[in-house]
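**Student:** Please find one structure pasted underneath; my questions will follow.
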Amino acid sequence: MCLTIPAKVIDVAVDTVTIEDGDGVKVVETPFVTGLAVGDWVLHINRLVIRKISPDDACEIIELLESGTPVDTSLVSPAFREDIEALHRGTFGRDNIVRLLSSEGVEQEALLREADTTRRAWIKDFICIHGIIEFSNQCTHDCLYCGLRNEHSAIERYRMTPDEIVETAREAVEEKGYKLLVLQSGEDPTYTDSMLIDIIRRIKSASKVFIFISVGERGYESYRSLKEAGASGVLFRFESSSKGLFKKVHPHGKCLESRFEHLKFFKELGYYVATGSLVGLPGQTLEDIADDILVTKRWANMVSTGPFIPTPGTPLAGSSTADGDLYLKVTAILRLAMHSARIPVVTAYETLTGEEGRSRALKSGANSLMINLTPERYRTLYSIYPDKFYDTESIFVRYGLYKYRESFTMLEERMREEISL
Ligand code: 5AD
């Protein structure tokens with residue numbers, strides 16, 4: 001579930017090899033791989049060699065994860081430097097963030113590089129690969145930005161059966177090596193608590209996997225029982241912490257207080273919380289985004305913040321698409337504000353920028369990917385926004401997934417650390 005930086009074999013013994021990577025030299029065990037020779041390239045986790053890879057693929061991964069050219073710091077202003085320092089120290093407020101969000105040219109580049117260096121220093125070269133199964137595009141809500149909104153009658157609706165969901169999850173874990181799966185749907189009460197409980201229990205009893213649920217507002221009792229059934233995390237955005245803006249994009253029903261109440265009891269229940277906001281909503285100011293970053297820092301173990309993309313057939317269809325550079329700056333600031341948080345490159349950003357943008361986000365503070373595992377016949381129907389990016393066979397998917405139990409244990413240890421930070 002993690003793509004690790006390749007290392008070169010520099011010495012071979014009976015059950016161990018000595019390897020060298022950007023971090024230095026170490027001796028690692030080789031229970032899964034035989035016949036290694038000096039000069040071979042390998043991927044390793046937890047002092048175990050996981051597999052041998054070709055020199056070309058090793059080069060490609062190193063290039064993908066390699067830092068950009070360092071920025072000449074004499075070109076940045078003392079005020080910019082002070083804002084960066086304030087973030088590192090944890091003594092920052094809205095003004096520092098707004099100034100960094102406004103950075104351009106060499107300072108913008110310096111911000112992204114600083115986030116990359118911070119990610120490396122705190123969580124090393126691990127790009128974690130998680131999966132998402134979108135099991136229903138039915139939604140009772142009418143968020144103005146969303147293609148799944150109830151009033152959007154132009155889309156074909158679907159619901160996966162519990163058997164289909166369980167089977168998709170089984171395949172993802174047992175055949176592909178995923179260790180963390182998000183089960184996501186619109187707000188769809190047709191799936192009762194007892195149905196979701198049953199689905200979670202069946203997946204957990206068949207496979208060693210973390211389950212995150214992303215099913216919207218269901219109240220305390222529901223989330224308590226889903227946790228008890230085996231869910232480990234929730235993916236639940238507050239969307240915008242500005243009362244005015246929240247009301248504007250959710251004119252019917254949803255209220256910001258209820259979003260915060262959910263975040264509060266998720267923590268009480270011991271969930272691993274993935275949350276964040278939408279960047280680039282119409283009428284949103286840099287101050288609003290700065291507040292969203294502060295709220296995200298308050299609640300998130302994993303960040304889930306993404307750029308807004310206007311969706312045809314929704315009330316915001318005519319609005320502008322979020323600025324991709326602004327999303328990168330938000331990602332970088334989140335990394336500086338939350339050194340060891342899990343920060344995925346969100347699909348909406350990949351949709352805007354493709355594989356190249358994904359790699360740029362991974363060099364701007366992000367450290368994980370969320371791969372779409374929704375079965376093909378439903379995938380295009382989960383059209384929150386148009387032309388959603390879909391990963392086919394990237395090097396991340398090819399090399400970032402391990403079926404070994406060790407990779408589950410590693411994730412377990414890391415999440416335990418992250419949740420108690
Ligand atoms: N553009 C980008 N993200 C969107 N979402 C909904 N509609 C859009 C859109 N048009 C996001 C919301 C929601 C998540 C599942 O999808 O933030 O929480």
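**Student:** Pairs to check: Lys208/Lys329; Lys179/Lys329; Lys176/Lys388; Lys52/Lys176; Lys124/Lys179. Give those whose C-alpha atoms are more than 26 Å from each other in this structure.
**Tutor:** Details: Lys208/Lys329 36 Å; Lys179/Lys329 29 Å; Lys176/Lys388 22 Å; Lys52/Lys176 18 Å; Lys124/Lys179 19 Å.
Exceeds cut-off: Lys208/Lys329; Lys179/Lys329.
**Student:** Another question about this same structure. By count of other Cβ within 10 Å, fewest leading, how are Met302, Met195, Met415 ordered? Could the numbers behind the result be given before it?
**Tutor:** Numbers: Met302 25, Met195 13, Met415 18.
Fewest to most other Cβ atoms nearby, the residues stand as Met195, Met415, Met302.
**Student:** Can you spot the aspartates and glutamates whose alpha carbon is less than 19 Å from Lys403's alpha carbon? Ignore those fewer than 8 places along the same chain.
**Tutor:** Reachable aspartates and glutamates: Glu29, Glu167, Glu171, Glu174, Glu175, Glu393, Glu412, Glu413.
**Student:** Within a 10 angstrom radius of the beta carbon, how do Asp291, Asp72, Asp325, Asp116 rank from fewest other beta carbons to most? Let's see the in-between values first.
**Tutor:** Values: Asp291 19, Asp72 9, Asp325 14, Asp116 22.
Neighbour counts put them in this order, fewest first: Asp72, Asp325, Asp291, Asp116.
**Student:** Mind checking which of Cys255, Cys139, Cys128 has the largest fluctuation in a GNM of the chain, springs on alpha carbons under 10 Å?
**Tutor:** Between Cys255, Cys139, Cys128, it is Cys255 that shows the largest mean-square fluctuation.
**Student:** How large, in Å, is the chain by the Kirkwood hydrodynamic radius built from its alpha-carbon pairs? List each step's numbers first, then the result.
**Tutor:** Values: mean 1/r = 0.0449 Å⁻¹.
Evaluated on the chain, it is 22.3 Å.
**Student:** Take the alpha carbon atoms of the range 209-232, find their center, do the same for the range 250-285, and report the distance between the two centers in whole angstrom.
**Tutor:** 16 Å
**Student:** Can you list the residues, at least 5 places off or on another chain, whose amide H is less than 5 Å from the amide H of Phe210, using H built in the peptide plane?
**Tutor:** Leu180, Leu181
**Student:** What is the diffusion coefficient of the range 72-168 in µm²/s, taking the Kirkwood radius over Cα pairs and the Stokes-Einstein relation at 37 °C with a viscosity of 0.692 mPa s?
**Tutor:** Numbers: Rh = 17.9 Å.
Once the numbers are plugged in, D ends up at 183 µm²/s.
**Student:** Just rank Leu286, Leu87, Leu263, Leu196, fewest to most, by other beta-carbon atoms within 10 angstrom.
**Tutor:** Working: Leu286 16, Leu87 26, Leu263 20, Leu196 23.
Placing the least packed residue first, the sequence is Leu286, Leu263, Leu196, Leu87.
**Student:** Run the dipole for the chain about the Cα centre, Lys and Arg Cβ at +1, Asp and Glu Cβ at -1, nothing else charged, and hand back the magnitude in debye, nearest 20.
**Tutor:** On the way: 50 positive and 62 negative charges, 215 e Å.
So the dipole magnitude of the chain works out to roughly 1040 debye.
**Student:** In addition: Within 10 Å of each candidate Cβ there may be at most 14 other Cβ atoms; applying that plus a DSSP loop requirement, which trypsin sites (Lys or Arg not before Pro) in the range 1-87 survive? Write down the numbers at each step before the final one.
**Tutor:** Numbers: sites: Lys8, Lys26, Arg47, Arg51, Lys52, Arg81; in loops: Arg47.
Those satisfying the criteria are Arg47.
**Student:** Of all DSSP beta bridges located in the chain, what percent are antiparallel, nearest 5? Present the calculation step by step, with values, prior to reporting the outcome.
**Tutor:** Numbers: 21 of 50 bridges.
That works out to approximately 40 percent antiparallel.
**Student:** With no solvent and one equal point scatterer placed on each C-alpha of the range 307-354, evaluate the Debye formula and give log10 I(q)/I(0) for q = 0.19, 0.28 Å⁻¹, two decimals.
**Tutor:** Once normalised to I(0) and log-transformed, intensities are -0.68, -1.04.
**Student:** Return the whole-Å distance between the Cα centroid of the range 106-165 and the Cα centroid of the range 35-92.
**Tutor:** Cα centroid of the range 106-165 versus Cα centroid of the range 35-92: 24 Å apart.
Read-outs: derived from the displayed coordinates by stated rules, not from any lab. Small disclaimer: the values here were computed from a predicted structure and weren't measured. A quick note on method: Cβ atoms are made from the backbone with ideal geometry, for glycine too, and the neighbour counts reach across all protein chains shown.
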